[in-house]
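Here is the structure we will look at, set down as structure tokens.
The values are calculated or read from the model by the stated rules, or taken from the named source; none is laboratory data. Nothing here was measured: the structure is a model prediction, and the numbers come from that model. Every residue, glycine as well, gets a Cβ built from its backbone with ideal geometry; the counts of neighbours run over all protein chains shown.
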Amino acid sequence: MHTVWVRLNAVVFFGLTVLLCLSILAALSKIGHTRYHQPKIHKLALNQLRSIKNHGGVDRALLSFDLHADMTPAFHWNIKQIFVYVVASYKTDTNPNNKIVLWDRIIEATDPPSAKIIKEENVFVKYGLMDQGAELRGREVQLQLMWDHMPLTGTLYMGEQAKDTTSTFTLPHDYL
Amino acid sequence: MIKDMIDKQVIELKKLWANKRMLTFQLLNLAMIVFSALMIWKGLMFVTKVSVLLYWRFSRRIDCLFDDEMGWVDHNGRMSWRKYMLRCMLPLEDRLVSESPVVVVLSGSMEPAFQRGDILFLNNSVEKVDVGDVVVFKIKDRDIPIVHRILKVHQKPDGHVELLTKGDNNRVDDRGLYAPGQLWLEREDILGKAVGTLRYVGMVTIALNDYPVLKYVLVGMMGLFVLTSKEG
Amino acid sequence: MDYEGQKLSENLFYYIIVLFGSIGWIYGYFLEDFTYVFYSWSVGVAISLVLCVPDWPIYNKHPIKWLDAVPGRDGTKERETKKSK
């Protein structure tokens, strides 16, 4: 502590250590938050199938859906943002499990409260429902809402719509 | 006050130069600090498997630092001791790139989830990666690891998966970033899944990254300080 | 800076940073916003940098008293002893 550099070093590193501890404390203060605060998903269902076509050997379906969900309970002071996304999952003969994100949205903690409640009809997909091959026709597709909590400090954790409330639909047997 | 300090340091340096025994001692002292730092660093990596990986921007900068165009060597092909010291310290970070379970985010492609300066903790022991997971992957023959989110998962009957990723802040998926002709990522390409994050604390890294001069000043100052300081 | 001053300066920045940090944390906890913690912490660190890093006169109130030079020795020896303090 006898020179300026040593003191500068000491202050900066002590400061960073304290900041680290405060961040960790903030993360610890919200353990178990999800147990009592779950987002409410009122509706996620297919609205309209726009098209299902074959592009160069690959099937692609375009559709729109309705989404009513209140994400407010997922937020707390250690959350920086929630990444909400709609997943379509289906089975084909070549791939026993396919999961594709059709739509996503980032809700930041600083967004106004109205942005944390999603109530939208006929939302067109951001990413087409695209198969690896040409096996989409006639498949049963399940839509499920999932969200990823991105904290300021601490672990990332996922949340998902309860399996028994998800909706499914069957794609037509012919291109359209 | 600063002028006083500089004068003091210059006087100390002159005295040191006159006393070769003292000079050797201080140089050894400096070497000890550098090596013990290296030792702690390597030890940390080994024991906790936690160390700092500097993400793509930084690695790119290191790559160009090692180009001779950057003036590391003079026209005689020699390197000054000061540059040598800096160069000795830089590969420390460079070599960690593929092994480290900690990443400092230096690009904005995942904003606002991860801003530049955030620290990410990776876990590569997870067997399954799923859609929506944030993963760090590396393209073959390219040194630069990328932190992005999984957009598509196709699982084969034998259990192995083909993945497509996308940065939250990017408009298109990552196919353009993959190797020519590569359409899917596989589990082996993934260095780890992001399991934890730490904001604010990593900002020092960003400061050092954005103002490289600062880094040289810091390292230089440390060297000078160690050379001229006495046991106190 | 003398020994007492070093002790004072070290204690001072410990308390300042911890105090500002904790106040910010509690404030932020109840307002559900972590940025308060960061700002308050920053203020604490800034104050510490100003107060504790430079060699202010307050840290030099207890100068170290050295023994008088032993009479009868020549100048070079005296310089040597000083150097190895």
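All told, residue A:89 falls short of being hydroxyl-bearing (Ser, Thr, Tyr) and farther than 30 Å from residue B:157 by Cβ. Might you let me know whether the range A:116-138 holds any residue that is within 14 Å of chain B (Cβ to nearest Cβ) and either free of Cβ contacts under 8 Å to residues at least 40 places away in the same chain or at positive phi (or both)? Yes: the range A:116-138 contains one or more residues that are within 14 Å of chain B (Cβ to nearest Cβ) and either free of Cβ contacts under 8 Å to residues at least 40 places away in the same chain or at positive phi (or both). Exactly one residue among A:94, A:153 is closer than 18 Å to residue B:163 by Cα and more than 18 Å from the chain's Cα centre (by Cα), and that residue is A:94.
Scanning the range C:17-43 for residues that are touching a Gly at 6+ places or on another chain (Cβ under 6 Å) and within 21 Å of residue A:33 (Cβ to Cβ) yields C:34, C:36, C:37.
Within the range A:73-88, residues that are touching a residue at least 12 places away in the same chain (Cβ under 8 Å) and in a loop (DSSP other than H, G, I, E, B) reach partners that are surrounded by fewer than 23 Cβ atoms within 10 Å (Cβ to Cβ) and of a type in the set (A, V, I, L, M) with beta carbons closer than 6 Å, at six or more positions or on different chains, in the pairs A:75/A:109; A:78/A:26; A:78/A:27; A:78/A:152. Within 14 Å of chain A (Cβ to nearest Cβ) and modelled with pLDDT under 85, is that true of residue C:85? Against the criterion (within 14 Å of chain A (Cβ to nearest Cβ) and modelled with pLDDT under 85), residue C:85 qualifies. For residue A:63, state whether it is modelled with pLDDT of 90 or more, crowded, with 18+ Cβ neighbours inside 10 Å and within 14 Å of chain C (Cβ to nearest Cβ). When the stated conditions are applied, residue A:63 does not pass them. Residue A:113 passes all but one of (1) out of contact with any helix residue (DSSP H, G or I) (no Cβ under 9 Å at 6 or more places or on another chain); (2) more than 10 Å from every other protein chain (Cβ to nearest Cβ); (3) not basic (Lys, Arg); which number fails? Only one criterion is unmet by residue A:113, namely (1). Scanning the range B:137-168 for residues that are touching a residue at least 24 places away in the same chain (Cβ under 8 Å) and within 13 Å of chain A (Cβ to nearest Cβ) turns up B:147, B:148, B:149, B:153, B:154, B:160, B:161, B:162, B:163, B:165, B:167, B:168. Identify the residue in the range B:8-33 that is modelled with pLDDT of 75 or more and within 14 Å of chain A (Cβ to nearest Cβ) and, among all such residues, is nearest to residue C:1 (Cα to Cα). Taking the candidates together, the pick is B:8.
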